[in-house]
Amino acid sequence: MASESITTPDPEGEREALRREILETRNGLYEKGGTVIFSQILGPILHHGSSLIYAPDEALWKAPGNTGTAKGAMKKFLAPLTPAALKQHTLRKIFFLVVFGAAAVMLKKHSLEIKCWTQNTFLGWAELNKEMAWWMRGLSICLMMVLRLAVSNVLPFTSPAFAYLIAVSQPKGEDWKGVFYLLICSAPAGAVLPMLDAILYWVTSPCIKERDDKKNHFIATEFCSALTDYLPFSFWVRPYFMEPAFESVHKDAKKSPECAAATAVLAGHFMIWSGPATTMYSRKFVPDWLTAIMIQPLGMTEDVAVVLATWAGGSASDRQKAELSLYVFMLAMNLVNCITDWDEKKHRIRRHCQRLIVALLTVSLFSFRYYKQQWFPFSDEEFQFTTTTVTTTGGPQCQAIHSNVKFMLETVAWVSAMAVLFRIIAKVLTYPCFCEETPVMSVDNGTEPLLNAKA
(Lines give C-alpha, C1' and ligand atoms only; values in the text may rest on other atoms or scores of the structure.)
Protein backbone atom coordinates (compact mmCIF):
# COMPACT_ATOMS: atom_id res chain seq x y z
CA MET A 1 0.00 0.00 0.00
CA ALA A 2 1.43 3.31 -0.99
CA SER A 3 1.83 5.61 1.94
CA GLU A 4 -0.19 8.78 1.72
CA SER A 5 1.83 12.00 1.80
CA ILE A 6 0.82 14.48 4.43
CA THR A 7 1.21 18.12 3.52
CA THR A 8 2.23 20.27 6.45
CA PRO A 9 1.07 23.88 6.29
CA ASP A 10 3.95 26.32 5.99
CA PRO A 11 2.69 29.84 6.74
CA GLU A 12 6.21 31.24 6.78
CA GLY A 13 6.95 29.73 3.38
CA GLU A 14 3.74 31.18 1.99
CA ARG A 15 4.71 34.59 3.40
CA GLU A 16 8.14 34.44 1.74
CA ALA A 17 6.56 33.47 -1.59
CA LEU A 18 4.13 36.39 -1.28
CA ARG A 19 6.99 38.79 -0.57
CA ARG A 20 8.88 37.54 -3.62
CA GLU A 21 5.79 38.21 -5.73
CA ILE A 22 5.47 41.71 -4.26
CA LEU A 23 9.17 42.35 -4.99
CA GLU A 24 8.73 41.23 -8.60
CA THR A 25 5.73 43.54 -8.96
CA ARG A 26 7.70 46.47 -7.53
CA ASN A 27 10.66 45.81 -9.84
CA GLY A 28 8.34 45.51 -12.83
CA LEU A 29 6.79 48.88 -11.99
CA TYR A 30 10.27 50.37 -11.62
CA GLU A 31 11.36 49.10 -15.06
CA LYS A 32 8.13 50.31 -16.65
CA GLY A 33 8.56 53.79 -15.17
CA GLY A 34 5.77 56.33 -14.81
CA THR A 35 3.42 56.51 -11.86
CA VAL A 36 0.36 54.65 -10.57
CA ILE A 37 -0.91 57.57 -8.48
CA PHE A 38 -3.54 58.55 -11.06
CA SER A 39 -4.57 55.15 -12.41
CA GLN A 40 -4.57 53.07 -9.22
CA ILE A 41 -4.43 55.33 -6.17
CA LEU A 42 -5.94 58.80 -6.58
CA GLY A 43 -9.48 57.68 -7.38
CA PRO A 44 -9.74 54.94 -4.70
CA ILE A 45 -8.10 57.01 -1.96
CA LEU A 46 -10.38 59.98 -2.63
CA HIS A 47 -13.45 57.74 -2.78
CA HIS A 48 -12.75 55.75 0.35
CA GLY A 49 -11.13 58.66 2.19
CA SER A 50 -14.19 60.80 1.56
CA SER A 51 -16.38 57.96 2.86
CA LEU A 52 -14.77 58.36 6.29
CA ILE A 53 -16.33 61.85 6.48
CA TYR A 54 -19.42 61.61 4.26
CA ALA A 55 -20.51 58.10 5.35
CA PRO A 56 -18.84 57.17 8.65
CA ASP A 57 -21.40 54.42 9.22
CA GLU A 58 -20.40 52.58 6.03
CA ALA A 59 -16.69 53.14 6.68
CA LEU A 60 -16.98 51.45 10.08
CA TRP A 61 -19.11 48.64 8.65
CA LYS A 62 -16.63 47.84 5.86
CA ALA A 63 -13.48 48.31 7.96
CA PRO A 64 -12.91 44.59 8.65
CA GLY A 65 -12.89 43.95 4.89
CA ASN A 66 -12.47 40.53 3.32
CA THR A 67 -10.24 38.42 5.52
CA GLY A 68 -11.28 35.03 4.17
CA THR A 69 -12.05 32.18 6.56
CA ALA A 70 -11.37 32.58 10.25
CA LYS A 71 -8.95 29.64 10.17
CA GLY A 72 -6.96 31.10 7.29
CA ALA A 73 -6.87 34.54 8.90
CA MET A 74 -5.61 33.04 12.17
CA LYS A 75 -2.83 31.15 10.35
CA LYS A 76 -1.66 34.35 8.69
CA PHE A 77 -1.88 36.27 11.95
CA LEU A 78 0.20 33.72 13.87
CA ALA A 79 2.72 33.15 11.07
CA PRO A 80 5.40 35.46 12.60
CA LEU A 81 5.10 33.54 15.89
CA THR A 82 5.71 30.04 14.50
CA PRO A 83 8.94 28.27 15.61
CA ALA A 84 10.38 28.50 12.08
CA ALA A 85 9.75 32.24 11.95
CA LEU A 86 11.14 32.81 15.45
CA LYS A 87 14.37 31.01 14.53
CA GLN A 88 15.01 33.32 11.61
CA HIS A 89 17.34 36.27 12.23
CA THR A 90 17.73 35.28 15.90
CA LEU A 91 20.73 37.54 16.55
CA ARG A 92 18.96 40.59 15.15
CA LYS A 93 15.89 39.90 17.27
CA ILE A 94 18.01 39.51 20.41
CA PHE A 95 19.80 42.77 19.60
CA PHE A 96 16.52 44.68 19.26
CA LEU A 97 15.15 43.15 22.45
CA VAL A 98 18.25 44.32 24.34
CA VAL A 99 18.07 47.82 22.83
CA PHE A 100 14.37 48.30 23.57
CA GLY A 101 14.74 46.73 27.00
CA ALA A 102 17.45 49.24 27.88
CA ALA A 103 15.34 52.06 26.43
CA ALA A 104 12.37 50.98 28.56
CA VAL A 105 14.48 50.98 31.72
CA MET A 106 15.86 54.45 30.95
CA LEU A 107 12.37 55.74 30.14
CA LYS A 108 11.04 54.50 33.47
CA LYS A 109 13.97 55.97 35.40
CA HIS A 110 13.95 59.37 33.69
CA SER A 111 10.31 59.58 32.59
CA LEU A 112 9.66 63.02 34.13
CA GLU A 113 12.77 64.59 32.62
CA ILE A 114 12.03 63.10 29.18
CA LYS A 115 8.40 64.22 29.35
CA CYS A 116 9.29 67.81 30.27
CA TRP A 117 12.10 68.01 27.71
CA THR A 118 9.75 66.77 24.98
CA GLN A 119 6.98 69.20 25.93
CA ASN A 120 9.32 72.17 26.24
CA THR A 121 11.04 71.40 22.94
CA PHE A 122 8.00 70.85 20.75
CA LEU A 123 5.71 73.45 22.34
CA GLY A 124 8.58 75.95 22.20
CA TRP A 125 8.98 75.05 18.52
CA ALA A 126 5.26 75.73 17.97
CA GLU A 127 5.49 79.09 19.77
CA LEU A 128 8.51 80.02 17.64
CA ASN A 129 6.55 79.19 14.47
CA LYS A 130 3.95 81.83 15.37
CA GLU A 131 6.57 84.57 15.08
CA MET A 132 7.86 83.48 11.66
CA ALA A 133 6.88 84.72 8.22
CA TRP A 134 4.45 82.41 6.42
CA TRP A 135 7.10 80.84 4.18
CA MET A 136 9.53 80.25 7.06
CA ARG A 137 6.71 78.75 9.07
CA GLY A 138 6.03 76.44 6.12
CA LEU A 139 9.66 75.28 6.01
CA SER A 140 9.64 74.74 9.77
CA ILE A 141 6.44 72.67 9.60
CA CYS A 142 7.90 70.64 6.70
CA LEU A 143 10.80 69.75 8.98
CA MET A 144 8.31 68.92 11.72
CA MET A 145 6.49 66.51 9.38
CA VAL A 146 9.77 64.84 8.40
CA LEU A 147 10.55 64.37 12.08
CA ARG A 148 7.05 62.93 12.52
CA LEU A 149 7.94 60.05 10.19
CA ALA A 150 10.76 58.94 12.50
CA VAL A 151 9.07 59.62 15.85
CA SER A 152 5.64 58.23 14.93
CA ASN A 153 7.19 55.16 13.34
CA VAL A 154 8.65 54.26 16.75
CA LEU A 155 5.61 55.55 18.71
CA PRO A 156 2.62 55.55 16.30
CA PHE A 157 0.20 57.06 18.83
CA THR A 158 2.17 60.34 18.73
CA SER A 159 0.99 61.11 15.17
CA PRO A 160 -2.05 63.20 16.28
CA ALA A 161 0.29 65.19 18.53
CA PHE A 162 2.07 66.57 15.46
CA ALA A 163 -1.26 67.66 13.98
CA TYR A 164 -1.95 69.44 17.28
CA LEU A 165 1.46 71.13 17.13
CA ILE A 166 0.73 72.41 13.61
CA ALA A 167 -2.61 73.77 14.80
CA VAL A 168 -1.05 75.69 17.70
CA SER A 169 1.77 76.95 15.44
CA GLN A 170 -0.62 79.42 13.80
CA PRO A 171 -0.82 83.04 15.02
CA LYS A 172 -4.07 84.22 16.58
CA GLY A 173 -6.63 84.90 13.89
CA GLU A 174 -4.90 82.57 11.40
CA ASP A 175 -5.96 79.28 12.98
CA TRP A 176 -7.79 78.27 9.79
CA LYS A 177 -4.44 78.01 7.99
CA GLY A 178 -3.48 74.97 10.08
CA VAL A 179 -5.26 72.52 7.73
CA PHE A 180 -3.44 73.89 4.68
CA TYR A 181 -0.05 73.80 6.39
CA LEU A 182 -0.75 70.21 7.48
CA LEU A 183 -1.62 68.98 3.99
CA ILE A 184 0.92 70.98 1.97
CA CYS A 185 3.86 70.48 4.32
CA SER A 186 3.27 66.74 4.64
CA ALA A 187 4.05 66.20 0.94
CA PRO A 188 7.83 66.90 1.16
CA ALA A 189 8.08 64.25 3.90
CA GLY A 190 7.09 61.66 1.30
CA ALA A 191 10.15 62.58 -0.79
CA VAL A 192 12.61 61.77 2.01
CA LEU A 193 12.94 58.02 1.36
CA PRO A 194 13.11 58.30 -2.47
CA MET A 195 15.76 61.01 -2.05
CA LEU A 196 17.78 58.88 0.36
CA ASP A 197 17.50 55.92 -2.01
CA ALA A 198 18.85 58.04 -4.88
CA ILE A 199 21.70 59.46 -2.78
CA LEU A 200 22.78 56.06 -1.45
CA TYR A 201 22.60 54.56 -4.95
CA TRP A 202 24.96 57.29 -6.18
CA VAL A 203 27.32 57.04 -3.18
CA THR A 204 27.61 53.25 -3.32
CA SER A 205 28.00 53.05 -7.11
CA PRO A 206 31.80 52.49 -7.00
CA CYS A 207 31.33 49.56 -4.60
CA ILE A 208 28.50 47.74 -6.42
CA LYS A 209 29.35 45.70 -9.47
CA GLU A 210 25.95 44.31 -10.43
CA ARG A 211 24.10 47.52 -11.20
CA ASP A 212 21.07 45.67 -12.59
CA ASP A 213 20.02 44.45 -9.14
CA LYS A 214 16.90 46.48 -8.35
CA LYS A 215 17.64 46.38 -4.61
CA ASN A 216 20.54 48.74 -5.26
CA HIS A 217 18.00 51.45 -6.09
CA PHE A 218 16.20 51.01 -2.74
CA ILE A 219 18.98 50.80 -0.13
CA ALA A 220 17.40 53.30 2.28
CA THR A 221 13.99 51.67 1.86
CA GLU A 222 15.41 48.23 2.62
CA PHE A 223 17.11 49.55 5.75
CA CYS A 224 14.12 51.51 7.06
CA SER A 225 11.66 48.70 6.32
CA ALA A 226 13.93 46.12 8.01
CA LEU A 227 14.17 48.42 11.03
CA THR A 228 10.38 48.84 11.11
CA ASP A 229 9.98 45.03 11.05
CA TYR A 230 11.38 44.96 14.58
CA LEU A 231 9.79 48.05 16.07
CA PRO A 232 7.40 46.89 18.83
CA PHE A 233 4.51 49.18 17.82
CA SER A 234 4.89 49.22 14.02
CA PHE A 235 5.98 45.73 12.96
CA TRP A 236 2.37 44.65 12.32
CA VAL A 237 1.63 47.06 9.46
CA ARG A 238 3.21 45.06 6.64
CA PRO A 239 2.33 41.44 7.62
CA TYR A 240 -1.18 42.14 8.92
CA PHE A 241 -2.48 44.83 6.55
CA MET A 242 -0.35 45.57 3.49
CA GLU A 243 0.56 42.03 2.44
CA PRO A 244 -2.93 40.57 3.10
CA ALA A 245 -4.40 43.45 1.04
CA PHE A 246 -2.04 42.62 -1.85
CA GLU A 247 -2.88 38.93 -1.68
CA SER A 248 -6.62 39.49 -1.38
CA VAL A 249 -6.84 41.84 -4.36
CA HIS A 250 -4.42 39.94 -6.62
CA LYS A 251 -5.43 36.34 -5.90
CA ASP A 252 -8.99 36.52 -4.59
CA ALA A 253 -10.29 39.43 -6.66
CA LYS A 254 -8.12 38.53 -9.70
CA LYS A 255 -6.88 42.10 -10.15
CA SER A 256 -3.56 43.09 -11.71
CA PRO A 257 -0.38 43.08 -9.58
CA GLU A 258 -0.16 46.86 -10.03
CA CYS A 259 -3.65 47.30 -8.60
CA ALA A 260 -2.78 44.94 -5.72
CA ALA A 261 0.41 46.86 -4.89
CA ALA A 262 -1.45 50.18 -4.90
CA THR A 263 -4.19 48.72 -2.69
CA ALA A 264 -1.59 47.48 -0.20
CA VAL A 265 -0.20 51.00 0.16
CA LEU A 266 -3.71 52.41 0.55
CA ALA A 267 -4.62 49.80 3.17
CA GLY A 268 -1.62 50.82 5.26
CA HIS A 269 -2.36 54.54 5.03
CA PHE A 270 -6.04 54.06 5.85
CA MET A 271 -5.32 52.10 9.03
CA ILE A 272 -5.13 54.29 12.11
CA TRP A 273 -1.62 54.97 13.47
CA SER A 274 0.10 53.17 10.62
CA GLY A 275 0.90 56.01 8.19
CA PRO A 276 4.60 56.48 9.09
CA ALA A 277 5.25 52.71 9.04
CA THR A 278 3.45 52.44 5.70
CA THR A 279 5.74 55.17 4.34
CA MET A 280 8.76 53.04 5.29
CA TYR A 281 7.29 50.07 3.40
CA SER A 282 5.59 51.79 0.48
CA ARG A 283 8.54 51.69 -1.96
CA LYS A 284 8.68 47.92 -1.51
CA PHE A 285 5.28 47.91 -3.22
CA VAL A 286 5.09 51.05 -5.41
CA PRO A 287 8.43 52.61 -6.39
CA ASP A 288 7.70 55.93 -8.10
CA TRP A 289 8.43 59.31 -6.51
CA LEU A 290 5.12 60.98 -7.33
CA THR A 291 3.12 58.34 -5.47
CA ALA A 292 5.42 58.59 -2.44
CA ILE A 293 4.94 62.38 -2.31
CA MET A 294 1.24 62.77 -3.14
CA ILE A 295 -0.05 59.95 -0.95
CA GLN A 296 1.11 61.73 2.23
CA PRO A 297 -1.51 64.51 2.29
CA LEU A 298 -4.15 62.17 0.83
CA GLY A 299 -3.77 59.80 3.77
CA MET A 300 -4.16 62.35 6.58
CA THR A 301 -7.95 62.67 6.87
CA GLU A 302 -8.02 62.03 10.61
CA ASP A 303 -5.25 64.59 11.19
CA VAL A 304 -7.38 67.27 9.48
CA ALA A 305 -10.04 66.56 12.10
CA VAL A 306 -7.42 66.97 14.86
CA VAL A 307 -6.38 70.40 13.52
CA LEU A 308 -10.00 71.60 13.26
CA ALA A 309 -10.78 70.24 16.74
CA THR A 310 -7.77 72.10 18.15
CA TRP A 311 -9.02 75.27 16.50
CA ALA A 312 -12.39 74.72 18.18
CA GLY A 313 -10.68 74.63 21.58
CA GLY A 314 -9.45 78.22 21.33
CA SER A 315 -12.60 80.15 22.19
CA ALA A 316 -16.36 80.13 21.66
CA SER A 317 -16.03 82.13 18.42
CA ASP A 318 -13.25 79.84 17.18
CA ARG A 319 -15.40 76.85 18.05
CA GLN A 320 -18.18 78.11 15.80
CA LYS A 321 -15.76 78.75 12.92
CA ALA A 322 -14.24 75.29 13.33
CA GLU A 323 -17.70 73.71 13.44
CA LEU A 324 -18.73 75.50 10.23
CA SER A 325 -15.44 74.42 8.62
CA LEU A 326 -16.25 70.81 9.51
CA TYR A 327 -19.63 71.16 7.77
CA VAL A 328 -17.88 72.54 4.67
CA PHE A 329 -15.45 69.61 4.92
CA MET A 330 -18.43 67.22 5.01
CA LEU A 331 -19.93 68.84 1.90
CA ALA A 332 -16.61 68.67 0.06
CA MET A 333 -16.21 64.98 0.90
CA ASN A 334 -19.80 64.37 -0.21
CA LEU A 335 -18.98 65.88 -3.61
CA VAL A 336 -15.67 64.01 -3.90
CA ASN A 337 -17.38 60.74 -2.99
CA CYS A 338 -19.99 61.35 -5.70
CA ILE A 339 -17.43 62.20 -8.39
CA THR A 340 -15.18 59.21 -7.67
CA ASP A 341 -18.20 56.87 -7.53
CA TRP A 342 -19.76 58.11 -10.75
CA ASP A 343 -20.26 55.44 -13.39
CA GLU A 344 -22.63 55.89 -16.33
CA LYS A 345 -22.94 52.11 -16.71
CA LYS A 346 -24.36 51.78 -13.19
CA HIS A 347 -27.67 53.38 -12.25
CA ARG A 348 -26.83 54.29 -8.65
CA ILE A 349 -30.02 56.28 -8.09
CA ARG A 350 -30.28 55.43 -4.41
CA ARG A 351 -26.72 56.49 -3.64
CA HIS A 352 -27.17 59.81 -5.44
CA CYS A 353 -30.47 60.42 -3.62
CA GLN A 354 -28.74 59.78 -0.31
CA ARG A 355 -25.89 62.16 -1.14
CA LEU A 356 -28.34 64.88 -2.15
CA ILE A 357 -30.34 64.51 1.07
CA VAL A 358 -27.19 64.56 3.22
CA ALA A 359 -25.95 67.65 1.35
CA LEU A 360 -29.25 69.49 1.86
CA LEU A 361 -29.32 68.64 5.56
CA THR A 362 -25.70 69.73 5.96
CA VAL A 363 -26.34 73.07 4.23
CA SER A 364 -29.43 73.63 6.39
CA LEU A 365 -27.53 72.97 9.60
CA PHE A 366 -24.63 75.16 8.39
CA SER A 367 -27.04 78.05 7.78
CA PHE A 368 -28.75 77.59 11.14
CA ARG A 369 -25.48 77.48 13.09
CA TYR A 370 -24.11 80.46 11.14
CA TYR A 371 -26.95 82.69 12.38
CA LYS A 372 -27.43 81.02 15.79
CA GLN A 373 -24.00 81.21 17.41
CA GLN A 374 -25.11 80.31 20.93
CA TRP A 375 -27.25 77.22 20.91
CA PHE A 376 -27.60 73.94 22.74
CA PRO A 377 -25.63 71.65 23.18
CA PHE A 378 -22.78 74.16 23.37
CA SER A 379 -22.04 76.14 26.53
CA ASP A 380 -21.56 79.92 26.60
CA GLU A 381 -18.22 80.03 28.39
CA GLU A 382 -15.27 81.80 26.84
CA PHE A 383 -11.80 80.33 26.77
CA GLN A 384 -8.48 81.36 25.25
CA PHE A 385 -5.24 79.49 24.65
CA THR A 386 -2.87 79.99 27.55
CA THR A 387 0.73 78.91 27.97
CA THR A 388 1.89 77.96 31.46
CA THR A 389 5.03 76.55 32.98
CA VAL A 390 4.58 73.98 35.72
CA THR A 391 7.44 73.47 38.17
CA THR A 392 7.51 70.05 39.78
CA THR A 393 8.93 69.63 43.26
CA GLY A 394 12.63 68.96 42.90
CA GLY A 395 12.18 68.44 39.17
CA PRO A 396 12.29 70.22 35.82
CA GLN A 397 9.92 72.91 34.54
CA CYS A 398 7.30 71.65 32.07
CA GLN A 399 5.72 74.03 29.58
CA ALA A 400 2.13 73.34 28.46
CA ILE A 401 -0.40 74.99 26.15
CA HIS A 402 -3.90 74.62 27.54
CA SER A 403 -6.82 74.49 25.15
CA ASN A 404 -10.41 73.87 26.11
CA VAL A 405 -10.71 70.11 25.73
CA LYS A 406 -14.43 70.35 26.44
CA PHE A 407 -14.90 72.63 23.42
CA MET A 408 -12.87 70.24 21.25
CA LEU A 409 -14.74 67.10 22.28
CA GLU A 410 -18.15 68.79 22.09
CA THR A 411 -17.52 70.00 18.54
CA VAL A 412 -16.15 66.72 17.20
CA ALA A 413 -18.86 64.64 18.90
CA TRP A 414 -21.64 66.92 17.66
CA VAL A 415 -20.49 67.03 14.02
CA SER A 416 -19.86 63.27 13.98
CA ALA A 417 -23.31 62.61 15.42
CA MET A 418 -24.87 64.86 12.77
CA ALA A 419 -23.00 63.03 10.00
CA VAL A 420 -24.34 59.67 11.18
CA LEU A 421 -27.86 61.07 11.74
CA PHE A 422 -27.99 62.59 8.24
CA ARG A 423 -26.98 59.26 6.75
CA ILE A 424 -29.69 57.43 8.70
CA ILE A 425 -32.33 59.95 7.55
CA ALA A 426 -31.14 59.61 3.94
CA LYS A 427 -31.33 55.83 4.08
CA VAL A 428 -34.83 55.91 5.55
CA LEU A 429 -36.09 58.38 2.95
CA THR A 430 -34.57 56.45 0.03
CA TYR A 431 -35.94 53.11 1.13
CA PRO A 432 -39.02 53.19 -1.18
CA CYS A 433 -38.76 51.38 -4.47
CA PHE A 434 -38.61 54.51 -6.65
CA CYS A 435 -35.04 55.01 -5.49
CA GLU A 436 -34.07 51.39 -6.04
CA GLU A 437 -30.87 50.93 -8.01
CA THR A 438 -31.23 49.32 -11.43
CA PRO A 439 -29.23 46.08 -11.49
CA VAL A 440 -26.62 46.13 -14.22
CA MET A 441 -23.51 44.24 -15.09
CA SER A 442 -20.75 45.01 -12.59
CA VAL A 443 -17.99 47.16 -14.03
CA ASP A 444 -14.86 47.93 -12.04
CA ASN A 445 -14.26 51.68 -11.84
CA GLY A 446 -11.20 51.47 -9.61
CA THR A 447 -12.98 52.15 -6.35
CA GLU A 448 -14.44 48.77 -5.38
CA PRO A 449 -11.64 46.40 -4.34
CA LEU A 450 -9.94 48.47 -1.63
CA LEU A 451 -9.90 46.60 1.68
CA ASN A 452 -12.89 44.59 0.50
CA ALA A 453 -11.86 42.79 -2.63
CA LYS A 454 -15.05 40.83 -3.17
CA ALA A 455 -17.45 43.63 -2.30
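So here's what we get for this one:
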{"read-out": "Contacts under 7 angstrom Cβ, first residue in segment 416-428 being over 16 Å from residue 356 (Cβ atoms), partner open to solvent by 10 Å² or more (accessible area, probe 1.4 Å) and not aromatic (Phe, Trp, Tyr), 6 or more apart", "value": "416/56; 418/365; 420/56; 420/57"}
{"read-out": "Residue in segment 259-282 that is in a loop (DSSP other than H, G, I, E, B), touching a His at 6+ places or on another chain (Cβ under 9 Å) and either crowded, with 24+ Cβ neighbours inside 10 Å or free of Cβ contacts under 8 Å to residues at least 24 places away in the same chain (or both) present", "value": "no"}
{"read-out": "Test: residue in segment 101-118 that is touching a residue at least 60 places away in the same chain (Cβ under 8 Å) and farther than 25 Å from residue 232 by Cα", "value": "no"}
{"read-out": "Top-ranked residue of segment 29-45 - restricted to ones that are in a helix (DSSP H, G or I) and open to solvent by less than 30 Å² (accessible area, probe 1.4 Å), ranked as farthest from residue 267 (Cα to Cα)", "value": "29"}
{"read-out": "First in segment 131-160 and farther than 30 Å from residue 236 by Cβ, second anywhere and among the hydroxyl-bearing types (Ser, Thr, Tyr), Cβ under 8 Å, 6 or more apart", "value": "132/140; 137/169; 137/181; 138/181; 140/169"}
{"read-out": "When residues of segment 148-200 are limited to those that are among the acidic types (Asp, Glu) and open to solvent by less than 50 Å² (accessible area, probe 1.4 Å), the one farthest from residue 311 (Cα to Cα)", "value": "197"}
{"read-out": "Considering residues of segment 120-135 that are in contact with a helix residue (DSSP H, G or I) (Cβ under 9 Å, 6 or more places away or on another chain) and of a type in the set (A, V, I, L, M, F, W, C) only, the residue least open to solvent (accessible area, probe 1.4 Å)", "value": "126"}
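The values are calculated or read from the model by the stated rules, or taken from the named source; none is laboratory data. Note that the structure is a prediction, hence the values are computed from the model and not measured. Reconstructed Cβ throughout: ideal geometry from the backbone, glycine too, with neighbour counts over all protein chains shown. SASA here: full protein model, heavy atoms, side chains in, ligands and nucleic acids out. Shrake-Rupley method; radii C 1.70, N 1.55, O 1.52, S 1.80 Å.
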